[in-house]
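See structure below.
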Amino acid sequence: MTTIDRITHTRDTALVRTARDVVLLLARIGLGVIMLAHAKLEYDFGGSLAGVGRMFAESGIPLGTLTGPANVLFEVVGGIAMILGAAVRLVGVLMALNMAGAWIFVHTSGLLAMDHNGPELVIALGLLSLVLAVTGSGRFGLDHLIARRRASRTAT
């Protein structure tokens, strides 16, 4: 490999890595905003955290008075964490589990039922959550900054 080839390869690799990190940033922000909006929607429907719990219980969701408020709080905290790129691997797994629960207990219509209760959105959000859990936050997230800081402390 010539010097020119090495320079071109290094530049291309840096470009691909930057593109990957920008896409991860956009995916994290998108997922986080959707989670925050969903938490607000649930809270508005319930009128309070206790109201969300009653709404979950009336919908037949197990332990609704506990899982309703916990769900809203998780979607807020998890949404913010996802936007900031903090604990993305853990939050991604938990969001995927949350979306699996939404699919099982709430969005029970068949795929493409067009009745506004189909599981397509929760499936897509769950899969995106898993992708982020596997890939992590990318360079533009707090996870990367914390890991880099720890590495520099260990090196010194």
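The values are calculated or read from the model by the stated rules, or taken from the named source; none is laboratory data. Values in this document were obtained by computation on a predicted structure and should not be read as measured data. Because the Cβ atoms are built from the backbone with ideal geometry, glycine has one as well, and the counts that use them run over all protein chains shown.
Within the set M95, M99, M82, the sole residue that is assigned to a helix (DSSP H, G or I), surrounded by 14 or more Cβ atoms within 10 Å (Cβ to Cβ), touching a Lys or Arg at 6+ places or on another chain (Cβ under 7 Å) and at pLDDT 95 or above turns out to be M82.
For the stretch 103-124, the candidate set comprises residues that are touching a Gly at 6+ places or on another chain (Cβ under 8 Å) and assigned to a helix (DSSP H, G or I); within that set, the residue that is nearest to S137 (Cα to Cα) is W103.
Of all residues in the stretch 108-144 being in contact with a Ser or Thr (Cβ under 9 Å, 6 or more places away or on another chain) and touching a residue at least 12 places away in the same chain (Cβ under 8 Å), which is nearest to L84 (Cα to Cα)? Ranking the qualifying residues of the stretch 108-144, first place goes to D143. Scanning the stretch 31-66 for residues that are part of a helix (DSSP H, G or I), surrounded by fewer than 19 Cβ atoms within 10 Å (Cβ to Cβ) and without any contact (Cβ under 8 Å) to a residue 12 or more places away in the chain turns up A37, K40, L41, D44, F45, G51, A57, E58.
Name the single residue that is surrounded by the most Cβ atoms within 10 Å (Cβ to Cβ) among those in the stretch 125-153 being of a type outside the set (S, T, N, Q) and in a loop (DSSP other than H, G, I, E, B). Don't jump to the end; show me each part of the working.
Filtering the stretch 125-153 for residues of a type outside the set (S, T, N, Q) gives 125-128, 130-134, 136, 138-151, 153.
So of that shortlist, the ones also in a loop (DSSP other than H, G, I, E, B) come out as 136, 138-141.
Working: G136: 17, G138: 22, R139: 17, F140: 16, G141: 24.
Filtering first and then ranking leaves G141.
For the stretch 27-69, the set of residues classified as hydrophobic (A, V, I, L, M, F, W, C), more than 30 Å from R139 (Cα to Cα) and within 23 Å of the chain's Cα centre (by Cα) consists of L41, F45, L49, V52, F56, I61, L66, listed by residue number.
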